[in-house]
Amino acid sequence: MKIEGYRLKQVQRLLYKDLIDDWDKATVLPLEMREELKESSPLKIDYKIFEDGNTKKAVINLKDGSKIETVLMEHDSKRATVCVSCQVGCPLGCIFCATGKSFKRNLEIDEIIQQVLLFSRYYRKPTNIVFMGMGEPFLNYENVMESIKILNDSNCFNIGARKISISTAGVIDGIKKFTNEDNQVNLSISLHAPNDELRRKLMPISKGYTIKDLLEVVDDYILKTKRRVMFEYLLIKNINDSMDHAKELSQLMRKPLCMVNLIPYNSTSGFKKSPNVKQFKDYLEKKGIFTTQRYEFGHKIDAACGQLANRI
Ligand code: SAH
Ligand code: SF4
């Protein structure tokens, strides 16, 4: 049903500010409209919660029986981040990632928004959103962008674009489109290898292009938006964690607008965590590259990066 004008404002307030979970509570709306909304837009979310310290993972059952996962990380009293999924599984099949083992479909806008609604209603309103759950955001481009509008809208979640980040495994067309979006959403690129030969072994998507091609579109993004780009680099023992790899990586990064975020590998398959995280970080910093290390969370409940695969 199409809702416009002041009615739309009312409905947005009910959904995103009052956080109602039952249309019967929407007493400001006419009865007939409530009945229609009950039919067209059910508010109930079918989910299960798993907790590990300050991390909560929700497994949501969708209408078609698919399951997706979303994670709330409560950093402190001021900051809480929701890690959102955008696909059921992922078609890109990176060999280190549990999500990439299967793929079913893209998520609808309401299925993306539902993940943030769930935590807002029953736990805590997030201050930050990262599209770093299951799936590749730039393969579900339109729905991800529409969801961001709702997250951003002051009548809805009112989360600033600068508090929202998208991570891509390097979908070149998506990065090009994103460069022309008029918003301040942050961009992260999952690089994970400093040369084509290794990257193609780890991430099948990179078989179709070179790191040089990827960096060209990133350069264009930086030039047009004047925004920084975060390169994510997963450290896997004896695979991509030597000082030679650090040197190669440092030569790819343009200062000061390229940053590196080192991700300790979370066990999902045959690989092992690298013992060289500190050494790797020190090397990059010595080369003048702003480098961070991803905070580790949620291992006990398989909620950490790359572990989301609904094995429950
Ligand atoms: N598909 C997008 C968005 C998902 S983000 C992308 O890949 O960027 C998920 C992040 O977790 C990515 O940086 C991904 O590379 C990383 N990741 C995947 N498997 C992981 C693992 N086993 N341990 C740690 N991080 C992992
Ligand atoms: Fe997909 Fe990202 Fe996992 Fe690769 S790392 S399989 S792109 S979710």
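General remarks:
- Of all the residues in the range 114-156, those that are within 14 Å of ligand 1 (Cβ to nearest atom) and without any contact (Cβ under 8 Å) to a residue 12 or more places away in the chain number 0.
Residues are listed down the side, and each one gets a yes or a no for (1) of a type outside the set (Gly, Ala, Ser); (2) free of Cβ contacts under 8 Å to residues at least 12 places away in the same chain; (3) within 16 Å of ligand 2 (Cβ to nearest atom):
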position	(1), (2), (3)
Thr70	yes, no, yes
Gly89	no, no, yes
Cys97	yes, no, yes
Gly100	no, yes, yes
Leu107	yes, no, yes
Asp110	yes, no, no
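- In the set (1) buried (at least 19 other Cβ atoms within 10 Å of the Cβ); (2) more than 10 Å from ligand 1 (Cβ to nearest atom), Ala169 fails one condition alone, (2).
- Which numbered condition Glu232 fails, given (1) surrounded by fewer than 14 Cβ atoms within 10 Å (Cβ to Cβ); (2) among the acidic types (Asp, Glu); (3) under 18 Å from the mean Cα position of the chain (by Cα): (1)
- The one condition in (1) surrounded by fewer than 21 Cβ atoms within 10 Å (Cβ to Cβ); (2) within 16 Å of ligand 2 (Cβ to nearest atom) that Asn155 fails to fulfil: (2)
- Any hit, the range 85-97, residues being surrounded by fewer than 24 Cβ atoms within 10 Å (Cβ to Cβ) and over 26 Å from Ala193 (Cβ atoms): yes
- Those strands (runs of 3 or more DSSP E) of the range 67-109 in which at least 1 residues are under 24 Å from Glu51 (Cα atoms) and among the aliphatic types (A, V, I, L, M), considering only elements entirely within it, cover 67-74, 80-83, 87-89.
- Looking only at residues in the range 22-47 that are within 20 Å of Asp153 (Cβ to Cβ) and in a loop (DSSP other than H, G, I, E, B), the one that is modelled with the lowest pLDDT is Ser41.
- One residue from Ile172, Ile164 being more than 16 Å from ligand 2 (Cβ to nearest atom), outside the structural domain of Tyr6 (by TED's automatic domain parsing) and under 30 Å from Lys273 (Cα atoms): Ile164
- Selection within the range 181-198 - surrounded by fewer than 18 Cβ atoms within 10 Å (Cβ to Cβ) and over 17 Å from Leu215 (Cα atoms): Glu181, Asp182, Asn183, Gln184
- Restricting Lys163, Lys201, Lys177, Lys226 to residues that are on the phi > 0 side of the Ramachandran plot and surrounded by fewer than 21 Cβ atoms within 10 Å (Cβ to Cβ) narrows the list to Lys226.
- Selection from the range 25-65 of residues that are surrounded by fewer than 16 Cβ atoms within 10 Å (Cβ to Cβ) and among the polar types (S, T, N, Q): Thr27, Ser40, Ser41, Asn54, Asn61
- When Lys2 is tested against (1) part of a helix (DSSP H, G or I); (2) not assigned by TED's automatic domain parsing to the domain that holds Ser165, just one condition goes unmet, and that condition is (1).
The values are calculated or read from the model by the stated rules, or taken from the named source; none is laboratory data. Here the structure is a predicted model, which is why all the values come from computation and not from measurement. Quick reminder, even Gly has a Cβ in these numbers, built from the backbone with ideal geometry, and neighbours come from all protein chains shown.
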